[in-house]
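Working notes, structure below.
Derivation of every value follows stated rules applied to the coordinates shown; laboratory data play no part. All values derive from a computational prediction rather than experimental measurement. No Cβ is skipped: glycine too gets one built from the backbone with ideal geometry, and neighbour counts run over all protein chains shown.
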Amino acid sequence: EKIGPIVGRIGEAARRATGRLDEVAELVRGENEELVEACYPVDARALVLQTLEKTAEMAEELEVAIDVQMPAMSGFTIAEPRALGDMLEAMLRVVVADTPQGETVTVRLEEKNSETQVHISGGFGIGFGRLVYLLTKGEDQSVGEYRQINRGIVRTAKWGGSVSYWGREANGFGFNVKLRRIG
């Protein structure tokens, strides 16, 4: 009789402690999800240069030239650097892989008053319908580099930016990434 209430209080204390741990776990999971979608000022020029470094070997192996046009200095663009870099790299790899030997891919970074634009174009070309299909299947159904581009398009919208694309068979294709700029 004397032990019953003590065991009950211990059980109640354990339930309260478990409940609090569950609340903390939810907060931590929520913060981790927000970090993945976070955005802050980054140097777009540096990200484009890193992307070029990562794809230089592939372009050289395929004997594709990359024409780079960008300002000597860059302001700050709102994005998450790893996610933006991954998307730009996937876009450049797709265009380089589609470009005939000896041809050129163009990468252009432009900074306007409140907007940063990255243009990647070249390739033999892909029909616009096929390109739309590859980029709108959903992240879980996309394959290869298109999965990374698809993921980047969704994240770019969350940063207040946009991604557009165009393509025509035997006439090239490309991507335009527009992001908010603050300086």
Given springs between every Cα pair under 10 Å in a Gaussian network model of the chain, which of K112, K158, K54 has the largest fluctuation?
-> K112
Helix 44-61: inclination vs the chain longest Cα principal axis, degrees, rounded to 10, gives 60
Mind checking which of F76, F173, F128 has the largest fluctuation in a GNM of the chain, springs on alpha carbons under 10 Å?
-> F128
Work out from phi, with θ = phi - 60° and the Karplus expression 6.51 cos²θ - 1.76 cosθ + 1.60, the ³J(HN,Hα) of each residue of the range 94-108, listed in order in whole Hz, and give x for Gly and Pro.
-> 4, 5, 4, 4, 8, 8, x, 3, x, 8, 10, 9, 10, 10, 10
Identified option (computed volume of the Cα convex hull per residue in Å³; candidates [x] 153; [y] 166; [z] 140) | [x]
Excluding same-chain residues fewer than 8 positions from K178, which lysines have a Cα within less than 24 Å of its Cα?
-> K54, K112, K137, K158
Among R130, R45, R93, determine the one that fluctuates most according to a GNM of the chain built with springs between C-alpha atoms less than 10 Å apart.
-> R130
Taking amide H positions as placed 1.01 Å from N in the peptide plane, with prolines and chain starts having none, which residues 5 or more places from G127, or on another chain, fall under 5 Å of its amide H?
-> E169
Of A44, F76, V105, which is farthest along the charge dipole of the chain in the positive direction, counting Lys and Arg as +1 and Asp and Glu as -1 at C-beta?
-> F76
Provide the packing ranking of 60-69, 13-22, i.e. peptides ordered by the mean count of other C-beta atoms within 10 Å per residue, highest first.
-> 60-69, 13-22
Mind listing the long-range amide H neighbours of F76? Cut-off is under 5 Å, sequence gap 5 or more, other chains count too, H placed in the peptide plane at 1.01 Å from N.
-> I182, G183
